[in-house]
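The values are calculated or read from the model by the stated rules, or taken from the named source; none is laboratory data. Worth saying up front: this structure is predicted, and the values here are computed from it rather than measured. Positions of Cβ are generated from backbone atoms using ideal geometry, with glycine treated the same way; all protein chains shown enter the neighbour counts.
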Amino acid sequence: MPKIKRHTIIEILEHWVLALSGIILLFSGLGCLPLFKRYYITEIPGFAWTGDFNTVTTVHYIASIFFVMVVFFHMFYHGIKGEFGLLPKKGDIKNSIKVLAAMIGLGKEPPSDKYLPEQRIAYAGIGFIIILLTITGIIKVLKNLEWVVLSPGSEAVNTVIHTLSGFVFMIAFIIHVAVVICFKSNWPLLKSMFTGWIDEEYVKHRHARWYEELKGKISEN
Amino acid sequence: MNLTRRKFFVVSSALISSMLIKSNAQAVEGRYATIIDISKCDGCTDESIPRCVLACREQNKSRFPEPKKPIQPYWPRKIYEDWSDKRQKIDTLTPYNWIFVQKLNVEGKDIFIPRRCMHCDNPPCVRGCPFGALTKRAYGNSVINEKICFGGAKCRDICPWQIPQRQAGVGIYLKLLPKFAGGGVMYKCDLCKDRIEKGQEPACVLACRDRLKENAVFVFDERKKIYELAYKKKKEEGLFIYGDRQNGGTSTLYISDISFDLIDRALNERNERFKMPVDVKNKIQTTFNPIGKVVITSGFLSIAGAIVAAVVSKNKKTDGDENAKD
């Protein structure tokens, strides 16, 4: 079956490094809260280490190296290349509702670009949370290094924002995974996030605008 | 969204610059420090309650917790920490007793050690509280904000001396998910924050001086003077110091004519709840900060890599058929 390239190797790496480091950060971040002992997580074989705040914080710090690297790389690489296709456009909210309705069999999905309108909205939302987490996390690191000295009030506010946005990130992450897994129409997108390629038929059907654009380019050549 | 390349650079540069601005608004080493001279403490054995303990309780009684009962256990556990029926207990730290005098026999000699928060220079409790309920003040004291403390007791777990104490049935957790998260409010010495902010000495210091005059156990002063005085005593009188290096430095210096190795050994032999380990590493300085430097460095390297990769990629001609394959 003819295929169309949807993601470059750089985009695939960005996605999975962010996902894996994000999962480790979420787990170790929850471990930085006094929850694991209370909820018997530390008693699961192999999880005793999660009861030690110094160990989970060390894991959190190590995972943040990769998370921060990907966030900055993503912003600068695509920013310089002028690739802003994932940023929301006018009418995305209305079209997102149509896409979501179509996923459960209500109505017809509107023709889409390379990214679905609800993907662009989700990207902006998760992107905002990730930036918030990254900035507040870096401030925490710089503060611990004593490279910046915060007033007690700002330190407290920064800490609370980091903790609360971590919870929002966890919810957004769960929704993101659930939407991919629960709707069969999204499964080809998951496959393309590993291979980089997607069936031409799928693009023709679901990303009609992108398909038209690609067809124009290909016939020009 | 219409985001031009120019706007993108402006926003990115502003974000990075704002992260790197260094402020000297507050020094990590606080303004004040305390000497607690164990060699002078007699534990007020001729009185019903040590003066420092009594003064602390009087000073802070309006802040002691009044829990709502019945108190729910910390689900799914069946336990909860309630000291409200043991308010008169003075031989340990509790939410109602923020300083106590530890009695110990070391090599045949009775010694008395007033114990309270050490007020670390780089306090793990402050850095580790996930709700920002603890703050390090410019005066050198670390303070718990009881209004936003969830009582998870992480501060106690990461304190090298396990100082903060929890009372269930009070605090903000009762208004959110009392069954599932939080456990009350943590309490500990804040060096009489309201007093020292007005230029007064902490209540325990005054009470001790009132009893022992120039032989007082506690000396409270500018940090520089306190450190100089402690080191002078160490040099001239051969005394031992505790608190200057432990956990990366603190605002509390114990001085003693008995070594702290011996004191801690005796505390361990008696399986005391509050010990005095001599080798206390500050994990923020020894473990987290080296990794933190890698986080910052890799962030910058990543930006450099992104710029190079983007420029190379832009200069590379792409063929249309690269986007399709059979």
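To keep it simple, each residue is scored yes or no on (1) closer than 15 Å to B:ILE36 by Cβ; (2) within 9 Å of another protein chain (Cβ to nearest Cβ).
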residue: B:TRP98; (1), (2): yes, no
residue: B:GLU107; (1), (2): no, no
residue: B:PRO114; (1), (2): yes, no
residue: B:PRO124; (1), (2): no, yes
residue: B:ALA133; (1), (2): no, yes
residue: B:VAL143; (1), (2): no, yes
Scanning the range A:50-100 residue by residue, those touching a Lys or Arg at 6+ places or on another chain (Cβ under 7 Å) and touching a residue at least 24 places away in the same chain (Cβ under 8 Å) turn out to be A:GLY85, A:LEU86, A:LEU87, A:PRO88, A:LYS89, A:ASP92
Exception for A:LYS184 within (1) over 19 Å from A:LEU86 (Cα atoms); (2) more than 14 Å from every other protein chain (Cβ to nearest Cβ); (3) surrounded by 18 or more Cβ atoms within 10 Å (Cβ to Cβ) falls at (3)
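Of the residues A:PRO45, A:PRO34, which is modelled with pLDDT under 95 and part of a loop (DSSP other than H, G, I, E, B)? Please lay out each step first, then the result.
Details: A:PRO45 fails: modelled with pLDDT under 95.
Of the residues listed, the single one that is modelled with pLDDT under 95 and part of a loop (DSSP other than H, G, I, E, B) is A:PRO34.
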Those residues of the range B:250-276 that are more than 19 Å from B:CYS189 (Cβ to Cβ) and part of a loop (DSSP other than H, G, I, E, B) come to a total of 5
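Quick check: is even one residue across the range B:115-134 surrounded by fewer than 19 Cβ atoms within 10 Å (Cβ to Cβ) and over 23 Å from A:THR163 (Cβ atoms)?
Within the range B:115-134 (the criterion being surrounded by fewer than 19 Cβ atoms within 10 Å (Cβ to Cβ) and over 23 Å from A:THR163 (Cβ atoms)), the answer is no, since none of the residues qualifies.
Scan A:LYS108, A:LYS94 and give me the residue that is surrounded by fewer than 16 Cβ atoms within 10 Å (Cβ to Cβ) and in a helix (DSSP H, G or I). Quick ask: steps written out before the conclusion?
Details: A:LYS108 fails: in a helix (DSSP H, G or I).
Every option except A:LYS94 fails the conditions.
Mind checking which residues of the range B:91-103 are farther than 17 Å from B:ILE144 by Cβ and buried (at least 19 other Cβ atoms within 10 Å of the Cβ)?
So the first thing to find is which residues in the range B:91-103 are farther than 17 Å from B:ILE144 by Cβ, and the list is B:91-92, B:100-103.
Across the range B:91-103, the qualifying residues are B:PHE100, B:VAL101, B:GLN102.
If you check A:HIS205 against the conditions, is it within 14 Å of chain B (Cβ to nearest Cβ) and either modelled with pLDDT under 95 or surrounded by 18 or more Cβ atoms within 10 Å (Cβ to Cβ) (or both)? Give the steps one after another, and end with the answer.
Details: within 14 Å of chain B (Cβ to nearest Cβ): no; either modelled with pLDDT under 95 or surrounded by 18 or more Cβ atoms within 10 Å (Cβ to Cβ) (or both): yes.
In short, no.
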**Message:** Could you go through the range B:213-225 and let me know if any residue there is away from chain A (no Cβ under 12 Å), assigned to a helix (DSSP H, G or I), surrounded by fewer than 23 Cβ atoms within 10 Å (Cβ to Cβ) and in contact (Cβ under 8 Å) with a residue 12 or more places away in the chain.
**Reply:** yes
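Can you report the number of residues in the range B:230-243 which are in a loop (DSSP other than H, G, I, E, B) and in contact with a helix residue (DSSP H, G or I) (Cβ under 7 Å, 6 or more places away or on another chain)?
1
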Filtering the range A:143-153 down to residues that are buried (at least 17 other Cβ atoms within 10 Å of the Cβ) and more than 7 Å from chain B (Cβ to nearest Cβ) yields A:LYS143, A:LEU150
Would you mind stating whether A:LEU116 is under 29 Å from A:LEU189 (Cβ atoms), facing chain B (nearest Cβ under 8 Å), of a type in the set (A, V, I, L, M) and under 22 Å from the mean Cα position of the chain (by Cα)? no
Over the range B:156-200, the set of residues polar (S, T, N, Q) and in contact (Cβ under 8 Å) with a residue 12 or more places away in the chain is B:GLN162, B:GLN165, B:GLN167
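Can you find, within the range A:119-141, the residue that is nearest to the chain's Cα centre (by Cα) among those that are polar (S, T, N, Q) and at pLDDT 95 or above? Reasoning before the result, please.
The first filter runs over the range A:119-141 and keeps only residues polar (S, T, N, Q), leaving A:119, A:134, A:136.
Adding the requirement that they be at pLDDT 95 or above leaves A:134, A:136.
Values: A:THR134: 13, A:THR136: 17 Å.
That would be A:THR134.
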Residues in the range A:60-73 that are more than 7 Å from every other protein chain (Cβ to nearest Cβ) and surrounded by fewer than 20 Cβ atoms within 10 Å (Cβ to Cβ) total 1
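Could we say that A:GLU83 is more than 8 Å from every other protein chain (Cβ to nearest Cβ) and more than 20 Å from the chain's Cα centre (by Cα) here? Outline the logic, then answer.
On the way: more than 8 Å from every other protein chain (Cβ to nearest Cβ): yes; more than 20 Å from the chain's Cα centre (by Cα): no.
It is false that A:GLU83 is more than 8 Å from every other protein chain (Cβ to nearest Cβ) and more than 20 Å from the chain's Cα centre (by Cα).
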When every residue in the range B:166-193 that is among the charged types (D, E, K, R) and part of a loop (DSSP other than H, G, I, E, B) is compared, the one surrounded by the fewest Cβ atoms within 10 Å (Cβ to Cβ) is B:LYS179
Per the filter on the range B:54-90, residues loosely packed, with under 15 Cβ neighbours inside 10 Å, touching a residue at least 40 places away in the same chain (Cβ under 8 Å) and not in a loop (DSSP other than H, G, I, E, B) are B:GLU58, B:ARG63
For B:ASN247, the lone unmet condition from (1) outside any helix (DSSP H, G or I); (2) in contact with a Cys (Cβ under 6 Å, 6 or more places away or on another chain) is (1)
